[in-house]
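Written out below as structure tokens is the structure these notes cover.
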Amino acid sequence: MTESGGHSAESGRDLRAQVLIVDDEPEHADVMADALRKPGHVCTIVNSVAAAIDELRGGAFDVIVTDLRMPSSGGANGVSADGGDAGLRVLENVKKLQPNAETIMVTAHGDVATARAAFKHGVYDFIEKPLDLSVFRELVTRAGETVLLRHESERSGLGSGELVQHEGFEGIIAGSEAMRRILRTVKTIAPSNLPVLVTGESGTGKELIARAIHRNGPRGQVKGGGRFVALNCAAEAESLLEDQLFGHVKGAFTNAEREREGVFEYASGGTLFLDEIGDMPLKMQAKLLRVLETGEVVRLGSNEPRKTDVRLVSATNRDLSKMVAEGSFRGDLYFRINGATVGIPPLRERREDIPRIVRHAIARFAEQFNKGVPTPDITDAAVMRLTSCDWPGNVRQLLNVVQNMVVTAVGEGGALGGPVVLDVKHIPDSVRSDDAPEGEGEAPVSGGGLAGTSLEQIEKRAIRETLRLTAGNREQAAKLLGIGERTLYRKLREYGLR
């Protein structure tokens, strides 16, 4: 049971945890959230067990802070129908829905029996009301560091092309409602064997979704692990694409000195991901359709059919239904590959995810380039500027920009000494030139322009600019600012902003 604070081994580390606060007393929840936001943690508040379960199903959290006793369906006085406490119900669902997260229990009713039950269910720690906010902040930070370190050790074997961070479900950033809906869809369709079509602009992360479907389906969970095999249909000439798909026998063509299996055979028992399937030539579409219909593949130069068993996940940045109408894509193939559809929105339509992507990318790239050095910080002005961009190249383009910023800033830090802070000046000119103009009569809020500016002025400016960015949508503005809607409304009243 936590009653006094201490310093974690890495308390100076730049960690911004995603925190879910579950408390039926809104005022108490706001106090906790305000305390956690000061060091940069991002908080989501819910006021019931049912709402907490909904968030756990759709969101991605590092730390869950839950009150022990709350009204719970089927019970009274914070005790659920099965005789347990509501906070324990939250804890049980955390372990089922977000097993990588840590849970902190808040209670005014601390006793040995309750503590024993909570630790049995895997609670990270206990803290009693009334809260010592500094102790509370330190406890949440330590829990967040535990999650981060766990994920860093687990991700060491993953490819650098993936955005793999401590994000609750397959490394996918899912703070926005649009992405939460996608994760719910992925979790629904993954256990089946349905063919899936993933659509979205280039750079939105279609392969990451495909890998999540594979790993959470029966083929990714078999003993030894079924293979996930990816092939870009737009990257090969037609003759080479056919060879890649179906393989060949010895002597099938000049220089075919040995037989070779294609991806359909290689991926058998696993998942085959065909990227940019809309670029596949019509002739090849007919051959692909036959393989999908018969479950058999014939290598080039052979007449012998070979059995294959793959789950097909396809992806495209094109409108296949329109292509079917125009005759450039086979309708029968379209219906065959489209057992379920996952449409990924462009980054400009889920701007509230950008700050989280940026901060996690900074940590990843900094670790690659400068091991052993604290993760660079980034100014709010730089985050807002990045959030305001339209990003035609989506997440891929954003990651490239953040990588360049980290390289530049770390280089400066090595030359000048002291902590590394990414600012607007580190954003490439090609990106900054497309930004929206600064507000009339106001100086840009960048690292060097804050000196002598009151905190109230900075906060008012941040709220005003964010509301302008979201076209007045207060729900989105609150998410971008990392505060609750109720807190935003209160500040709007305080500052006379409407």
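The values are calculated or read from the model by the stated rules, or taken from the named source; none is laboratory data. Since we're looking at a predicted model, the values are computed, not measured. Reconstructed Cβ throughout: ideal geometry from the backbone, glycine too, with neighbour counts over all protein chains shown.
Can you pull out the residues in the stretch 475-498 that are surrounded by 13 or more Cβ atoms within 10 Å (Cβ to Cβ) and assigned to a loop (DSSP other than H, G, I, E, B)?
Answer for the stretch 475-498, where residues must be surrounded by 13 or more Cβ atoms within 10 Å (Cβ to Cβ) and assigned to a loop (DSSP other than H, G, I, E, B): 482, 483, 484.
List the number of the failed condition for residue 192; all other conditions in (1) surrounded by fewer than 16 Cβ atoms within 10 Å (Cβ to Cβ); (2) among the polar types (S, T, N, Q); (3) closer than 25 Å to residue 282 by Cβ hold.
Exception for residue 192: condition (3).
Is it the case that residue 173 is at pLDDT 90 or above, closer than 26 Å to residue 400 by Cα and within 15 Å of the chain's Cα centre (by Cα)?
Judged against the criteria, residue 173 is not a match.
Whether any residue in the stretch 473-482 is modelled with pLDDT under 65 and more than 13 Å from residue 380 (Cα to Cα) is what I want to check.
No; the residues of the stretch 473-482 include none that is modelled with pLDDT under 65 and more than 13 Å from residue 380 (Cα to Cα).
Please name all residue pairs, on different chains or six or more residues apart, with Cβ atoms under 6 Å, provided the first residue is in the stretch 225-246 and is in the same structural domain as residue 210 (by TED's automatic domain parsing) and the second residue is in a loop (DSSP other than H, G, I, E, B) and of a type in the set (A, V, I, L, M).
Taking only residues 6 or more apart or on different chains, the pairs are 227/267; 229/267; 233/280.
Looking at 90, 123, can you tell me which residue is modelled with pLDDT of 80 or more, touching a helix residue (DSSP H, G or I) at 6+ places or on another chain (Cβ under 7 Å) and surrounded by 17 or more Cβ atoms within 10 Å (Cβ to Cβ)?
Working: 123 fails: modelled with pLDDT of 80 or more.
Answer to the check: 90.
Which one of the conditions (1) in contact with a Phe, Trp or Tyr (Cβ under 7 Å, 6 or more places away or on another chain); (2) touching a residue at least 60 places away in the same chain (Cβ under 8 Å) does residue 277 fail to meet, given that it meets all the rest?
(1)
Looking at the stretch 340-358 only, could you name the residues that are buried (at least 16 other Cβ atoms within 10 Å of the Cβ) and out of contact with any helix residue (DSSP H, G or I) (no Cβ under 8 Å at 6 or more places or on another chain)? Give the derivation first.
If we filter the stretch 340-358 for residues that are buried (at least 16 other Cβ atoms within 10 Å of the Cβ), which is where we start, we get 340, 342, 344-347, 350-358.
The answer is 356, and nothing else.
Does at least one position in the stretch 377-398 carry a residue that is of a type in the set (Lys, Arg) and in contact (Cβ under 8 Å) with a residue 60 or more places away in the chain?
Yes; the residues of the stretch 377-398 include at least one that is of a type in the set (Lys, Arg) and in contact (Cβ under 8 Å) with a residue 60 or more places away in the chain.
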